[in-house]
Amino acid sequence: MIAERRDIRRFRPDSVPDDVLRRILEAAHRAPSVGLMQPWRLIVVAQEKTRIEVRRLAQRERLRQASRFDERARQFLDQKVEGVVEAPLGIVVCCDHGEPEVEVLGRGTIPETDVYSTACAIENLWLAARAEGLGVGWVSFYRPDDLRAVLGIPARVDPMAYLCVGWPDERPKRPGLEAAGWSSRLPLDDVVMRERWRDAPGSEDAPAAIDHAAAITARDRLDQLVKPSGSLGVLETLIERWAAITGRPPPSQLRAGALVCAADHGHVVHGTSLFDAEVSAQVTAAAARGDSAVGVLVRQGDHRLLVADLGLAGPTPAGVRDAKIARGSADMLAGPALAAGELRAGLAAGAALAGELAEGGDDCLVLGEIGIGNTTTSAALVCALTGAAPALTVGRGTGMDAAGLARKRAVVAAAIERHGGPLPAHAALQAVGGLELAALTGAVLEAARRRVPVVLDGYATAAAALAAVGLDPSAAEVLVASHRSAEPGHDTVLAELGLEPLLDLRLRLGEASGALLALPIVAAAGVLHREMATFDEAGVARAP
Ligand SMILES: Cc1cc2nc3c(=O)[nH]c(=O)nc-3n(C[C@H](O)[C@H](O)[C@H](O)COP(=O)(O)O)c2cc1C
C-alpha cells in the first residue's frame, strides 16, 4: 500500500460516499501526536464555488513560482500541480497550534512537533484513501492567509494542506514528477546513515553499557505487583536502572564502598570560603577516624570507607590514604587550576581507588568529597561544562552571607571569563577543576566500565559526574542521584544528567553523607520488588 500510494491530480467526477469519507477521516484522527495534542483540524470542502476559488489561488501561485525556475520554467508549467476543481472533495488539513501559554508535553524544545503530528495525520489519511481505491493530491500552491480568508480559518491555525480527494482517473506507477523527468527517488543508502551523520568523525565501538533484558524483566514484575501502575514513583525508575546496570534489582542488604576524596583549592585566596585550608585536613582526618557524619553512617550501614588525600595543602593526615598529586589546585584566576599531568594523575588515581573498592565486591560505589572551597570549584566546573550563568550555579556553600555569595559569584564569573566556555570536559577540568573532582570523575568512569552503580552525594560529586559523562556519555547510565542538596546549582547539574534525586533534605554536608542516607531506600526498593505479591498471588483484580 505504501509503495502504491501516489499523488493524484486527475479525478473522475463521481462523488465519495459518506461512509468512505468517514473512514479516511478516522484514519487521519488516529495519527500519533505530540503530548496527544491532536492538533489537526480537517475542513471538508464539497462546494464547487469554494473549490473554484481555491483553484484560482493555486493557479496564481503556480505562475508566480514559474518565474523563479528560470530555464526550467517551461518544464514546470507543463506539470499538472492540482486537481482542486476536478476532485469532488477537498480536505483542508490545518494545524491548530493552541494557546502559546499552555505547555504541551513533549513540545518543550521543538515547537513544530504539532506540525509534524499533523503531517502524520495527512499520511494516515492518504494511505487509508489509497486502501479504499481513492486518490489524494496534496496541493500547497496557496498563501496560507489567502486560504484562511476563503475558509474563515483563525490566525493561530495553519492550513497545512489542501488535499484533493476523489476517484482517480490515473493510476501512475511512479511519481508524476519522476515520470516527467523533474526529479527521481534517491537510493535508500543515500538517505540512511549508521550511528552518526555521514562524514562526522566516528566514535569507537563501545561495549554495551546497559542490560536491557534485565531492565525489562524488572519493569514487567513492577507492573504485576499489587499496586497502582507506577505508584512507587522514582523507586520504579531506580529499580529498572539498577537492573540495567547490574543485571538485577537492588539487593535487600546493600553494602556500599564509600570513596571520599579530599583536596584544597587555590582560589580560596579570593575569600571563596568561610574556612581556611587547614580545615580540609582536619575534616579529612575526622572522617578517616569515623568521627564525622560519613563514619557514623558507614558504621550504621556496615559499609566500607576509603578516605583519600588527592591534594590537601598540608601533609596527609593519619589514617587517610596518601594519593596526593599536588598540594592543592592552582588559583583558577591566575591560570589553569590543574596542570595537564595533574589532571591525568587525578583521573587515574580516582579510577584506581574505585577499582580497589569494586574488587571488594560491594554492591555500589558511593562518592563523597572534602575540600574547603569546593562548592566554588564545582560551580565553576558546571559553568565551564554547560555554559550556565554563575547566578545559577553558585550558592552559599558552608553558609556564606550575601557579600560572600557575591564574592564567590565574581570569582566564578572571572574564571569563566578567563578560560571561556562551554568547554569540553577535559579542558573544563583542567581550567577550573580540583584534584578531588578529577579523582571523582575518574572513579565514575571506572565504575561505569565495571558496571557498578554509582550513588552520588551532593553538588561536587554531581559536577564530577557531569565531567565524567562529558568524557564518556555512557557513564550516565550507572549514576543514581541520592538527594537534592541546598546548593542551587545541584538541581541544574541533576537536570543536565537527567537524574531525579531520591531525597530532598536540604543537606549541605558533603562527605558522602546524603548518598549513605539514601542507601536504605535503595535497599527497600529492592525488597519491595522481590517480596511484594503480584495481583494474581494476592487475588486482587487489576484496574481495567
Ligand atoms: C508537503 C507536500 C506538498 C506537496 N504539494 C504539492 C502540490 O502543490 N502540487 C502537486 O502536484 N503535488 C504536491 N505534492 C506531491 C508531491 O509532488 C509528490 O508527493 C511527490 O512528487 C512524490 O510523488 P508520489 O506522492 O506520487 O510518490 C506535495 C507533497 C508534499 C509532501
Give just the number: which of (1) in a loop (DSSP other than H, G, I, E, B); (2) closer than 30 Å to His529 by Cβ does Ala213 not satisfy? (1)
For the stretch 218-263, how many residues meet the condition of being among the hydrophobic types (A, V, I, L, M, F, W, C), open to solvent by 20 Å² or more (accessible area, probe 1.4 Å) and free of Cβ contacts under 8 Å to residues at least 60 places away in the same chain? 0
Output the residues belonging to the stretch 93-122 that are β-branched (Val, Ile, Thr) and out of contact with any helix residue (DSSP H, G or I) (no Cβ under 6 Å at 6 or more places or on another chain). Val102, Thr109, Ile110, Val115, Thr118, Ile122
Taking Asp491 as the residue in question, decide whether it is outside the structural domain of Arg451 (by TED's automatic domain parsing) and charged (D, E, K, R). no
For residues in the stretch 504-536 being open to solvent by 10 Å² or more (accessible area, probe 1.4 Å) and among the β-branched types (Val, Ile, Thr), which is nearest to Val307 (Cα to Cα)? Ile521
Test for Arg68: is it open to solvent by 60 Å² or more (accessible area, probe 1.4 Å) and more than 20 Å from Tyr162 (Cα to Cα): yes
Restricting to the stretch 79-107, name every residue that is part of a loop (DSSP other than H, G, I, E, B) and more than 17 Å from Asp169 (Cβ to Cβ). His97, Gly98, Glu99, Pro100, Glu101, Val102, Glu103, Val104, Leu105, Gly106, Arg107
Per the list (1) within 22 Å of Trp126 (Cα to Cα); (2) within 46 Å of the chain's Cα centre (by Cα); (3) within 16 Å of the ligand (Cβ to nearest atom); (4) surrounded by fewer than 19 Cβ atoms within 10 Å (Cβ to Cβ), residue check on Arg55 breaks on (4)
Given the criteria more than 17 Å from Pro336 (Cβ to Cβ) and crowded, with 21+ Cβ neighbours inside 10 Å, does Ala443 qualify? yes
What are the residues in the stretch 81-104 that are among the small types (Gly, Ala, Ser) and within 14 Å of the ligand (Cβ to nearest atom), if any? Gly83, Ala87, Gly90
Yes or no: the stretch 41-49 includes at least one residue that is part of a loop (DSSP other than H, G, I, E, B) and either in the same structural domain as Asp169 (by TED's automatic domain parsing) or polar (S, T, N, Q) (or both). yes
Please determine, by comparing only the residues of the stretch 134-148 that are within 12 Å of the ligand (Cβ to nearest atom) and buried (at least 21 other Cβ atoms within 10 Å of the Cβ), which one is farthest from Val93 (Cα to Cα). Gly135
Any idea which of (1) out of contact with any helix residue (DSSP H, G or I) (no Cβ under 8 Å at 6 or more places or on another chain); (2) closer than 28 Å to Pro336 by Cβ is the one Asp291 doesn't satisfy? (2)
Failed condition for Asp78, given (1) within 14 Å of the ligand (Cβ to nearest atom); (2) within 20 Å of Tyr162 (Cβ to Cβ), with all others met? (2)
Considering only the stretch 1-23, how many residues are more than 16 Å from the ligand (Cβ to nearest atom) and among the aliphatic types (A, V, I, L, M)? 3
Among the numbered criteria (1) more than 16 Å from the ligand (Cβ to nearest atom); (2) buried (at least 17 other Cβ atoms within 10 Å of the Cβ); (3) more than 19 Å from Val93 (Cα to Cα), which single criterion is violated by Met37? (3)
When both residues are 6+ apart or on different chains and their Cβ atoms are under 9 Å apart, which pairs have a first residue that lies in the stretch 350-363 and is in the same structural domain as Val454 (by TED's automatic domain parsing) and in contact (Cβ under 8 Å) with a residue 60 or more places away in the chain, and a second that is part of a loop (DSSP other than H, G, I, E, B) and exposed (fewer than 15 other Cβ atoms within 10 Å of the Cβ)? Asp363/Gln253
If you go through Arg30, Arg62, the only one that is open to solvent by 80 Å² or more (accessible area, probe 1.4 Å) and basic (Lys, Arg) is Arg30
Of all helices (runs of 4 or more DSSP H) fully inside the stretch 456-544, the set with 3 or more residues that are within 25 Å of the chain's Cα centre (by Cα) is 459-471, 488-497, 513-531
Taking only the stretch 149-196 into account, find how many residues are near the ligand (Cβ under 10 Å from one of its atoms), open to solvent by 50 Å² or more (accessible area, probe 1.4 Å) and outside any loop (DSSP other than H, G, I, E, B). 2
Extreme residue, nearest to Gln79 (Cα to Cα), among residues of the stretch 113-126 that are open to solvent by 10 Å² or more (accessible area, probe 1.4 Å) and touching a strand residue (DSSP E or B) at 6+ places or on another chain (Cβ under 9 Å): Trp126
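The values are calculated or read from the model by the stated rules, or taken from the named source; none is laboratory data. Keep in mind the model is a prediction, meaning the values are calculated, not measured. In this analysis, Cβ positions are derived from the backbone assuming ideal geometry, glycine residues included, and neighbour counts consider all displayed protein chains. Only protein heavy atoms, including side chains, enter the accessible area calculation; ligands, DNA and RNA are left aside. Shrake-Rupley method; radii C 1.70, N 1.55, O 1.52, S 1.80 Å.
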